[in-house]
Amino acid sequence: MDTQRINNLLSFFKRIGSQNNWNVLPFPNCQITSIRNDLTIIANDISKEYTHFSNELFRLKDMLFVNYGCFNPTIFGQIVAILKALEYDINHPQTDIWSMIHNRIIKSSKQLYLDGYDAMNKVFSDNPLVEICDRSTETGKNIHNGTRFMLAGAMSALRNPKAHSNTITISKEECMRRLMFASMLMYGIDEAVIHSGLIE
């Protein structure tokens with residue numbers, strides 16, 4: 001695994017994500033090509049050991065940029081989550097993967113894993129019960145709405161699809177991917193609760 005390339009790309013993404021209006025500033029074509037090339041190299045490098053992450057990076061790299069070279073925030077977040085998981089695995093070899101999953105997700109889903117919409121829009125509406133961040137800026141509004149739609153989408157697309165159809169089979173790998181995505185959302189909710197000054 002190309003540890004240095006993963007660390008460099010993750011550091012670059014962290015720097016970009018910490019800037020104001022990071023998702024509306026277009027990148028030059030040469031930099032877009034360089035980022036896609038790095039993701040391709042990483043995906044190739046991890047293809048045997050991390051097949052799922054490799055496939056995801058191949059798929060996501062072509063959706064990362066929209067609107068004349070601006071980052072797609074949702075895809076950006078998914079790629080950063082994969083790179084963080086790889087970085088964690090590099091720094092903590094043979095560590096139980098459940099240590100990366102949010103405690104509430106573990107409590108509600110770990111045993112099920114081993115064995116085998118409207119609510120979000122109300123909570124995070126334009127007059128929200130919970131605020132993800134300061135919505136007085138354009139960036140804050142974008143982050144808030146992006147998180148809102150990710151949560152609503154997760155409720156619609158990911159929650160217990162087997163309860164609604166007998167024809168859907170979810171692999172162990174797909175199940176873990178969904179748990180990691182749910183965990184990322186849960187950590188975002190934790191931050192929102194703190195930002196909103198709520199008592200759980």
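The values are calculated or read from the model by the stated rules, or taken from the named source; none is laboratory data. These numbers come from a predicted model, not from an experiment. With ideal geometry, Cβ positions are generated from the backbone for all residues, glycine too; neighbour counts draw on all protein chains shown. When the accessible area is computed, the model is the full protein with side chains, heavy atoms only, and any ligands, DNA or RNA have been set aside. Shrake-Rupley method; radii C 1.70, N 1.55, O 1.52, S 1.80 Å.
Using a probe of 1.4 Å, the accessible surface attributed to T33 totals some 70 Å² when neighbouring protein chains are kept in position.
Give the calculated FRET efficiency between R104 and I41 to the nearest 0.05, with a Förster radius of 41 Å applied to their Cβ-Cβ distance.
Details: r = 36 Å, r/R0 = 0.87.
Computed FRET efficiency for R104 and I41 comes out at 0.70.
Shown is the FRET efficiency for N91 and M186, computed with R0 = 22 Å from the Cβ-Cβ distance and rounded to the nearest 0.05: 0.50.
Surface calculation, 1.4 Å probe, protein heavy atoms: M63 sits at approximately 70 Å² accessible. Distance between the 7 Å Cα→Cβ label points at Q31 and K141: 2.5 nm.
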